[in-house]
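Asks: Take this structure, written in structure tokens, and hold onto it; I'll ask about it next.
Just so you know, all these numbers are worked out from the coordinates, no wet-lab data involved. Remember, predicted model here, so these are calculated numbers, not experimental data. A quick note on method: Cβ atoms are made from the backbone with ideal geometry, for glycine too, and the neighbour counts reach across all protein chains shown.
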Amino acid sequence: MRSQDKAEDNAVRRQADSAGVDLARLPAHIAIIMDGNGRWAKARGRPRLMGHREGYRNLRKVLADCSDLGIRYLTVYAFSAENWRRPPDEVEGLMKLLERAARDELRMMLQNNVRMRLAGRIDELSPALRRVLLDTVATTEGNTGIVFTLAVNYGGRAEIVDAVRDLVAAGFEPNDITEELVSAHLYNPDQPEPDLMIRTAGEVRWSNFLLWQGAYCELVVSDVPWPEFGRRQLFEAVATFQHRTRKFGAVVE
Ligand code: IPE
Ligand code: IPE
Ligand code: MG
């Protein structure tokens, strides 16, 4: 991963170019639903948590590749507001993994100019996890490279509810409410909306991810489970995105 000029020549950009990616038309913001960790582990006769550990290892690589490629924003779905419904030991294992990862990756993020941000109801997490996540966000705040947003205890509906609560608390009247105003009260209103949303492991659904911001993003589903989603699949997804015609409701000839 390089920390300086993202547009400089590097191995990832050269490989992407050979794989058919147009480096001049990259999506500014990629969102990923990292799915299939459990199935990946099960297929190997291993516990689900093993799949999550491999998923984390893979995220480090994909973040580095996106940074080298020149993607400006990467948002990943790490734990949904509905994932609390999973068995307690899996939930606990995931929380521990998140805490360890945030602690262990701080140095990597500082070295590589990565700015970490959060999306989700962070106040509902344990104090220890909340502290390490918020510390990482604060410590990387001045970094100017890729913006890496970790969606934890995130739900698209919850995000919209939280925005509406803010608006009501601020005393807005019904006629004041516009799409721009709602957008301005989402978790990270300064970020551009995702252009490309990738989901791994073959499932074709949103699962409550970025419902508002994803209204017009291009969805690309890869059959590969998240622990195996590598550089080749990333390039394929970007190239697929580049072959789509985005219309935003208009007529595009
Ligand atoms: C995605 O993998 C990771 C999280 C939801 C935390 P899954 O755990 O959903 O994997 P599958 O879908 O059961 O294979
Ligand atoms: C979405 O995956 C959440 C994350 C990847 C963190 P799920 O595995 O929870 O989604 P469903 O339950 O298959 O819709
Ligand atoms: Mg799943």
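Asks: Classify the chain from the C-alpha gyration tensor, please: rounded if a/c falls under 1.5, else prolate or oblate depending on whether a/b exceeds b/c.
Replies: Rounded, since a/c falls under 1.5.
Asks: Quick check: pseudo-label points 7 Å beyond the Cα along Cα→Cβ at residue 232 and residue 170, how many nm apart are they?
Replies: 4.8 nm
Asks: Same structure, new question: Rounded if a/c is under 1.5, else prolate if a/b is larger than b/c, else oblate: which is the range 165-212, with a ≥ b ≥ c the root eigenvalues of its Cα gyration tensor?
Replies: Prolate, because a/c is 1.5 or more and a/b exceeds b/c.
Asks: Also: Taking H placed 1.01 Å from N in the peptide plane, check which residues at least 5 places from residue 75 or on another chain put their amide H under 5 Å from its amide H.
Replies: For residue 75, whose amide H was placed from the backbone, the distant partners under 5 Å are 30, 31, 32, 149.
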